[in-house]
Amino acid sequence: MIAIGVDIGGTSIKGAFINERGEILSRFSMKVDKEKTPEEEIGKLCDIINASIKEGNYEGKVAGIGIGSPGTLDMDKGIIIYSPNLAKWAGFNIKKFMSARTGLPVELNNDANVAALGEAKFGSGAKYKSAIMLTLGTGVGGGIIIDGKIYDGNKHQGAELGHMSIRMGGRPCGCGRKGCLEAYASATALIKDTREMMEKHPESALTEIEKELGGVDARNAFIADQRGDKYGRKLVRDYVKFLSEGLLNYCNIFRPEVIILSGGVANEGENLLKRIRRYLKKNTYGMRGSEKVAVVTSQLGYDSGKIGAACLILFK
Ligand SMILES: [Zn+2]
């Protein structure tokens, strides 16, 4: 069986033909012009898909198209209700449109859920039955996979993993509440903290690292810490503490077999993971009686969205 996985982004759409082992057979992509109508743009995508099916001799072998999309969705009906980067697409029924143009069944889901599904099925979660994936990027997003299926609550409105309060009355969050994990554990939050620390302590190694890297991103604090800088150490210690508190909450509620981290900050790899594991071990509920939760980084990278979208069809 072959499925097509489509990953919709704000500036481009990427897709792939994927077999039941999660292997990418061929890829396609197109730029998105947000000034054009969704009918024009998705029409173009369908033309690309139809041509790729012919080219790859996939006629009769493709079971359907899975789509991962940002924004607010009506997943059951297949409608993009609102997407901040693609304002003209509001109310567009992508499922109906693509199904009519390609003759294939179409499934739509949220991009974060889909990426988590891809990692859980064919990435670093492949040997586990339950997984939580957390993406530490501009915001904190993610997905919950239980027994191989996406868990996202009533009308698919749940699993907002970044918007769990870890500090009552804490920092304001973009969602309107205060103290959310996202306000402490996103790459954006770490960068903001790094800049504040540099302003207060210009003598810190952070200042020279900014010059070396040509700016401030999620790496600066970790590099300063490795160089023995006490301000870098404080940034990393606080960051790990807040992130790990969030992960502990997921462990206590879901006790997944594995937590998968992705996004910019996850590039720190073992250096970050070993600190988190230490924190979780020390603070876990039920002490040694509780099942251990593995903490790993994602394996599929940018392909997790495409592979996960294909999983909507492969594991329907
Ligand atoms: Zn929030």
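The values are calculated or read from the model by the stated rules, or taken from the named source; none is laboratory data. The structure presented is a predicted model; accordingly, all values stated were derived computationally and were not measured. Cβ sites come from the backbone with ideal geometry, for glycine too, and all protein chains shown count toward neighbours. Ligands, DNA and RNA are stripped out before the accessible areas are found, and what is left, the full protein with its side chains, is counted by its heavy atoms. Shrake-Rupley method; radii C 1.70, N 1.55, O 1.52, S 1.80 Å.
Miscellaneous remarks
- Under 5 Å between amide hydrogens, built in the peptide plane, is the criterion, and for Y151 it picks out I144, I145, I146 among residues at least 5 positions away or on other chains.
- Take every DSSP beta bridge whose two residues both sit in the chain; close to 60 percent of them are antiparallel.
- Protection proxy ranking of 133-145, 292-304, by the mean of other Cβ atoms within 10 Å over each peptide's residues and highest first, is 133-145, 292-304.
- Cross-link pairs K61/K96; K155/K306; K31/K88; K121/K316; K230/K282 - those with Cα-Cα distance over 19 Å: K61/K96; K155/K306; K230/K282
- The amide H of S26, built 1.01 Å from its N in the peptide plane, has F17 as neighbours under 5 Å, considering only residues 5 or more places off or on other chains.
- The chain: calculated mean residue ellipticity at 222 nm from DSSP helix runs of at least 4, using -39500 (n - 2.57): -12500 deg cm²/dmol
- Helix runs (DSSP H) in the chain reaching 30 Å along axis by Cα, Kyte-Doolittle at least -1.0: 230-254
- Separation of alpha-carbon centers, segment 274-316 and segment 88-164, rounded to whole Å: 15
- For segment 143-199, the solvent-accessible area works out to 55 Å² per residue, with a probe of 1.4 Å and every protein chain left in place.
- Peptides 218-225, 21-28 ranked from most to least packed give 218-225, 21-28, packing being the mean of other C-beta atoms within 10 angstrom over each peptide's residues.
- Here the accessible area is traced with a 1.4 Å probe on the protein chains. For segment 255-294, carbon and sulfur cover 50 percent of it.
- Scanning residues 5 or more positions from V106 or on other chains, those with amide H under 5 Å from its amide H are I65, with H placed 1.01 Å from N in the peptide plane.
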